[in-house]
Amino acid sequence: MIEKRAGRAAGASAQQCRVTVCRGCCCGNAAKIPGVDHGGQIPGLRAALDGAAPVRASDCLDVCDQANVVVVQPSAAGRAAGGRPVWLGLVNDDDALADIAAWIRDGGPGIAEPPGVLDLYTLRVSRRVREQMGG
């Protein structure tokens with residue numbers, strides 16, 4: 001299930017979006033999704049964000065059929081503007097990660113419109129799962 005962590009990631013502020021990358025039973029698993037640089041996804045996303053948002057790994061987010069899963073939580077300003085956490089599934093290529101990073105650098109949920117291609121990755125999760133993730 002979802003691992004809740006006390007406090008914020010080092011250097012994170014309420015003024016930033018936050019990014020959670022699932023690394024549970026299926027996400028990050030080369031046997032389930034071959035041909036993906038699972039080990040490079042998180043460092044690559046951090047580099048592409050260049051400090052615009054903290055990136056953390058989580059235990060299973062309970063949407064295993066959509067591996068690899070990334071959740072983008074809005075900044076305080078984004079939430080005030082109506083932004084809510086955005087769940088993205090099947091994030092298994094560098095282009096998708098680049099689009100996610102560009103969107104977050106532009107402000108993320110509630111502030112900037114995501115690139116249209118991210119509509120293909122957006123998924124709807126159960127209320128129980130959303131609540132466990134804090135959004």
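Can you bin region 59-135 into rounded, prolate or oblate? Criterion: square roots of the alpha carbon gyration tensor eigenvalues sorted a ≥ b ≥ c, rounded for a/c under 1.5, prolate for a/b above b/c, oblate for the rest.
oblate
Subtract the Cα-Cα distance of residue 32 and residue 117 from 0.36 nm times their separation in residues, and report this length gain in nm to one decimal.
Taking 0.36 nm per residue and subtracting the Cα distance, the gain is 28.2 nm.
Go through region 74-87 residue by residue and turn each phi into a ³J(HN,Hα) via Karplus (6.51, -1.76, 1.60, θ = phi - 60°); whole Hz please, and just put x for glycine and proline.
Ordered by residue, 3J(HN,Hα) equals x, 6, 4, 5, x, 5, 4, 8, x, x, 10, x, 10, 9 Hz.
In debye, nearest 20, what is the charge dipole magnitude of the chain about its Cα centre with +1 on Lys and Arg Cβ and -1 on Asp and Glu Cβ, if you could check?
In total the dipole reaches around 680 debye.
Would you mind putting 47-55, 121-129 in packing order, based on average other-beta-carbon counts within 10 Å, highest first?
47-55, 121-129
With the dipole of the chain worked out from charges on the C-beta (+1 for Lys and Arg, -1 for Asp and Glu) around the Cα centre, which of 96, 53, 40 lies farthest toward the positive end?
After comparing all options, I get 53.
May I ask you to evaluate 6.51 cos²θ - 1.76 cosθ + 1.60, the Karplus curve with θ = phi - 60°, for each residue of region 97-106 and list the ³J(HN,Hα) values in order in whole Hz, giving x for glycine and proline?
Working through the residues one at a time gives 4, 5, 5, 4, 4, 4, 4, 5, 4, 7 Hz.
Amide H neighbours of residue 81 under 5 Å, at least 5 residues apart or on other chains, H built in the peptide plane: list them.
For residue 81, no residues qualify.
Would you kindly derive the ³J(HN,Hα) couplings of region 45-56 from the backbone phi angles with the Karplus curve 6.51 cos²θ - 1.76 cosθ + 1.60 (θ = phi - 60°), listing them in order in whole Hz, with x for Gly and Pro?
Running phi through 6.51 cos²θ - 1.76 cosθ + 1.60 with θ = phi - 60° gives 5, 4, 5, 5, 7, 6, x, 5, 6, x, 10, 10 Hz.
Since every read-out is calculated from the coordinates, none of them should be taken as a lab result. Everything quoted here is computed from the prediction, not taken from an experiment. Note that each Cβ is placed from the backbone with ideal geometry, even for glycine, and that neighbours are counted across all protein chains shown.
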